[in-house]
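Reading through the structure tokens given below for one structure.
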Amino acid sequence: MPAAARDKDIEKKLESLREKIRHHEYRYYVLDDPEISDAAFDVLMNELKKLEAQHPALITPDSPTQRVGGKPREGFVKARHSSPMLSLDNTYSEDELRNWERRVHELSGRKDIEYVCELKLDGMSLALRYEDGKLARGITRGDGSEGEDVTLNVRTVRSVPLSIAREKLKKAGIPTDFEVRGEMLMPIPAFKRMNEEREQKGLSLFANPRNATAGTVRQLEPSITAERRLDYFAYMLLQNGRTYFERHSQTLDALEEAGFKVNTRRKRAKTFEEVWAFIREWEEKRDSLPYEIDGIVVKVDRTALQDELGYTGKAPRWAIAYKYAARSGITHVDDIIVQVGRTGKLTPVALLQPVPIGGTTVSRATLHNMDEIERLGVKVGDWVEVERGGDVIPKVTRVVEDTHHPRGHKSFHMPERCPECGTKVVRTEGEVDYRCVNANCPAKLRETILHFASRHVMNIEGMGDALVNQLTDRGLVKNVADIYKLTKADLLQLERMGDKSAQNVLDEIEASKKLPLERVIFGLGIRFVGERTAQFLAEHFGSMDALMNASEEELQQVNEVGPRIAKSIVEFFQEPKNRALVDQLEKLGLTLTGKKKQRGTTLAGKTFVLTGTLARHSREQAKQLIEDAGGRVASSVSKKTDFVVAGADAGSKLDKARELGIQVIGEPEMEALLGG
Ligand code: IVH
């Protein structure tokens with residue numbers, strides 16, 4: 001074959017592979033509904049990479065292999081918007097919203113106005129320009145007329161198409177040169193994971209997903225942007241700076257058809273009542289979303305009417321944001337104290353003037369560590385903004401400083417000695433955290449007892465903060481074995497303890513002795529040994545005695561136990577005090593033996609979530625089968641989930657799985673994975 005013809009052939013092959021991969025990226029990242037497994041996808045991608053490596057001259061910028069490219073930069077170049085990127089006016093009450101609706105009626109002189117309601121996503125707005133169907137530029141909002149060119153970072157976001165085939169655009173009714181505007185955001189699971197990693201590395205933390213999004217989009221190093229999972233939802237389509245379709249609802253449908261991610265949680269409404277119902281609905285379901293929203297956007301559907309209504313200085317009259325109650329508040333830092341955890345870690349905590357935030361009263365907020373305090377620059381006496389995210393614990397996000405909120409003066413210093421026991425505090429070279437290393441520190445003891453008594457461990461109801469504080473303060477409990485030596489007389493001398501409650505506590509303690517071996521292992525508080533590892537250890541060794549005498553090598557035979565955990569277990573049992581403690585627990589009648597169990601390995605390392613009603617198995621049966629095959633069943637869907645098994649009437653977990661792009665399977669596929 002002549003060289004030119006062969007090149008054409010390879011080019012064709014490359015293009016068909018790319019189109020296949022684009023399709024699967026779309027199924028996974030836009031629809032959250034993949035058709036093939038991750039492994040099968042990797043095979044395709046590797047094939048493309050290999051072929052491109054052999055023919056580097058044929059690599060195109062819109063190839064799926066080219067999402068991450070370019071060198072780190074020194075800064076961003078400014079870029080002008082085709083038309084101003086406006087913001088929205090806000091309303092905070094039903095009355096204000098009704099006023100807006102009335103004005104729309106008055107100004108337009110019409111009665112029958114259709115609206116589109118959308119979620120107000122809490123990220124940052126971003127314009128994408130496409131030329132000849134290919135992503136040419138991504139621009140931040142900036143001051144509205146001029147933003148920053150962040151194209152290289154935008155290219156790494158998998159739900160942003162790098163190119164869209166001509167026919168596809170044609171079918172959607174979109175010209176080949178156009179502009180999309182929409183919201184870039186970081187889903188909550190990705191946000192949490194990123195902050196956890198940053199904390200481990202001793203880096204400063206992002207206060208909320210919105211800040212994290214902005215920080216990630218403005219990263220100078222595109223490969224870092226690529227690692228953090230951003231998502232992009234489109235909500236506007238322009239040509240030459242003007243709205244293209246006759247209706248906003250058409251725009252959304254067309255964008256969807258062209259392969260953009262458009263929020264499916266949207267609604268056309270004809271009356272105020274319908275708009276209001278949508279607002280109420282999502283206020284309630286807000287916490288079930290995998291990303292943060294701060295309200296609802298209501299838009300007039302007809303473009304002609306939008307043009308008629310026009311704009312005020314910086315916002316359209318044809319759209320309005322209804323903002324949900326703030327999840328943040330401003331309050332005073334009365335003091336900064338230090339809490340000592342079970343592992344001895346010292347955590348600075350801000351004691352706040354109580355402030356209502358999104359339905360609860362917040363009077364404390366974690367400051368994480370010394371680095372975080374320095375980043376915020378917070379002092380005792382400052383006024384601060386406190387935020388409470390979807391399911392995130394309250395956090396101080398910034399220090400407020402203006403005429404009404406003067407600065408505080410008292411700097412916080414990590415104490416040199418543990419506030420609980422007075423032992424010198426240690427900060428290991430290269431670590432962020434300060435620790436109390438006294439094994440007998442009362443704070444550690446308190447936290448250890450609380451852990452031991454908690455629901456997932458020995459489930460001793462009634463043994464909470466109040467009781468444990470008194471028991472440890474009075475020296476009645478010096479280790480977990482002492483719990484089982486408590487008498488009624490001991491309990492009756494405590495505050496708020498009558499005969500009946502004392503008896504209840506004793507009954508609870510007695511009942512806990514029957515709980516299986518894995519609970520006791522978990523309860524010992526061995527570093528890195530969580531609930532699941534404890535269960536594997538119990539099943540593998542069948543007794544505390546065998547576990548106590550296992551070598552690091554033997555321990556590493558156990559599912560999911562690596563060198564780090566093995567070492568920690570051996571060290572724990574090398575300590576004579578700990579061995580004596582186990583002896584005591586045995587004499588006191590706790591369950592220290594169990595059944596050995598051999599698990600299969602077919603599903604080792606795979607995490608499942610069950611939702612809905614299965615036809616052939618109960619939830620419990622399905623869970624058992626998966627676990628027997630070495631898999632794991634979690635109660636909620638996260639990025640770590642491998643499969644969601646959906647039965648009839650599956651609910652929000654299924655939505656979440658789609659949102660995160662987790663593979664959803666039915667009962668038959670589950671059975672197939674189990675091996676028939
Ligand atoms: S439309 C001219 N729709 O909210 C209309 N904005 O407070 C421009 N936002 O800057 C915006 N979700 O970043 C629109 N569904 C949505 C939105 C949305 C979030 C953001 C956007 C805008 C800000 C205004």
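The figures follow:
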item	result
Conditions (1) among the small types (Gly, Ala, Ser); (2) in a loop (DSSP other than H, G, I, E, B); (3) surrounded by fewer than 16 Cβ atoms within 10 Å (Cβ to Cβ): number failed by Ala650	(3)
Failed item, numbered, when Ser159 is tested on (1) among the polar types (S, T, N, Q); (2) part of a loop (DSSP other than H, G, I, E, B); (3) surrounded by fewer than 21 Cβ atoms within 10 Å (Cβ to Cβ)	(3)
Residue tally, condition part of a strand (DSSP E or B) and within 13 Å of the ligand (Cβ to nearest atom), over the stretch 279-310	8
Qualifying residue in the stretch 432-454 (condition: among the β-branched types (Val, Ile, Thr) and more than 23 Å from Asn369 (Cβ to Cβ))	yes
Residue count for the stretch 611-639, restricted to those that are surrounded by 13 or more Cβ atoms within 10 Å (Cβ to Cβ) and under 23 Å from His456 (Cα atoms)	16
The stretch 467-493, residues that are outside any helix (DSSP H, G or I) and crowded, with 18+ Cβ neighbours inside 10 Å	Val477
Answer residue from the stretch 369-426, given it is among the small types (Gly, Ala, Ser) and surrounded by fewer than 14 Cβ atoms within 10 Å (Cβ to Cβ) and is nearest to the chain's Cα centre (by Cα) among those	Gly377
Qualifying positions in the stretch 534-562 - in contact with a helix residue (DSSP H, G or I) (Cβ under 7 Å, 6 or more places away or on another chain) and in a helix (DSSP H, G or I)	Ala534, Gln535, Leu537, Ala538, Phe541, Met544, Leu547, Met548, Glu552, Leu555
Residue check for Arg98: modelled with pLDDT of 95 or more, away from the ligand (no atom under 16 Å from the Cβ) and touching a Ser or Thr at 6+ places or on another chain (Cβ under 7 Å)	no
Residue match in the stretch 211-232 (condition: in contact with a Pro (Cβ under 6 Å, 6 or more places away or on another chain), under 25 Å from Lys120 (Cα atoms) and aromatic (Phe, Trp, Tyr))	no
Qualifying residues in the stretch 617-647 (those that are touching a helix residue (DSSP H, G or I) at 6+ places or on another chain (Cβ under 6 Å) and in a loop (DSSP other than H, G, I, E, B)) - the one nearest to Gly666 (Cα to Cα)	Val637
The stretch 211-221, subset surrounded by 22 or more Cβ atoms within 10 Å (Cβ to Cβ) and in contact (Cβ under 8 Å) with a residue 60 or more places away in the chain, residue farthest from the ligand (Cβ to nearest atom)	Thr216
Selected residue (only one of Arg446, Arg435 is in contact with a helix residue (DSSP H, G or I) (Cβ under 6 Å, 6 or more places away or on another chain), among the charged types (D, E, K, R) and not in a loop (DSSP other than H, G, I, E, B))	Arg446
Matching helices (runs of 4 or more DSSP H) fully within the stretch 1-112 where at least 1 residues are closer than 29 Å to Glu227 by Cβ	3-25, 38-54
Residue match in the stretch 165-177 (condition: surrounded by fewer than 15 Cβ atoms within 10 Å (Cβ to Cβ), of a type in the set (Ser, Thr, Tyr), in contact with a strand residue (DSSP E or B) (Cβ under 9 Å, 6 or more places away or on another chain) and at pLDDT 95 or above)	yes
Residue match in the stretch 148-156 (condition: farther than 24 Å from Thr251 by Cα, surrounded by 16 or more Cβ atoms within 10 Å (Cβ to Cβ) and within 16 Å of the ligand (Cβ to nearest atom))	yes
Residue check, Asp132 free of Cβ contacts under 8 Å to residues at least 60 places away in the same chain and of a type in the set (Asp, Glu)	yes
Subset of the stretch 356-409 (residues that are farther than 22 Å from Val340 by Cα, touching an Asp or Glu at 6+ places or on another chain (Cβ under 7 Å) and charged (D, E, K, R))	Asp391, Arg398, Arg407
Matching option when the condition is away from the ligand (no atom under 14 Å from the Cβ), of a type in the set (Gly, Ala, Ser), touching a Cys at 6+ places or on another chain (Cβ under 9 Å) and touching a residue at least 40 places away in the same chain (Cβ under 8 Å), among Ala226, Ala269, Ala254	Ala269
When residues of the stretch 101-116 are limited to those that are within 16 Å of the ligand (Cβ to nearest atom) and not hydroxyl-bearing (Ser, Thr, Tyr), the one nearest to the chain's Cα centre (by Cα)	Val116
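To keep it simple, each residue is scored yes or no on (1) within 16 Å of the ligand (Cβ to nearest atom); (2) closer than 25 Å to Glu19 by Cα; (3) not in a helix (DSSP H, G or I).
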residue: Glu118; (1), (2), (3): yes, no, yes
residue: Leu126; (1), (2), (3): yes, no, yes
residue: Arg137; (1), (2), (3): no, yes, yes
residue: Gly142; (1), (2), (3): yes, no, yes
residue: Leu169; (1), (2), (3): no, yes, no
residue: Pro175; (1), (2), (3): no, yes, yes
residue: Met194; (1), (2), (3): no, no, no
residue: Phe206; (1), (2), (3): no, no, yes
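The values are calculated or read from the model by the stated rules, or taken from the named source; none is laboratory data. Quick caveat, the model's predicted, so the values are computed rather than measured. Don't worry about glycine lacking a Cβ; one is built from the backbone with ideal geometry, like all the others, and counts go over all protein chains shown.
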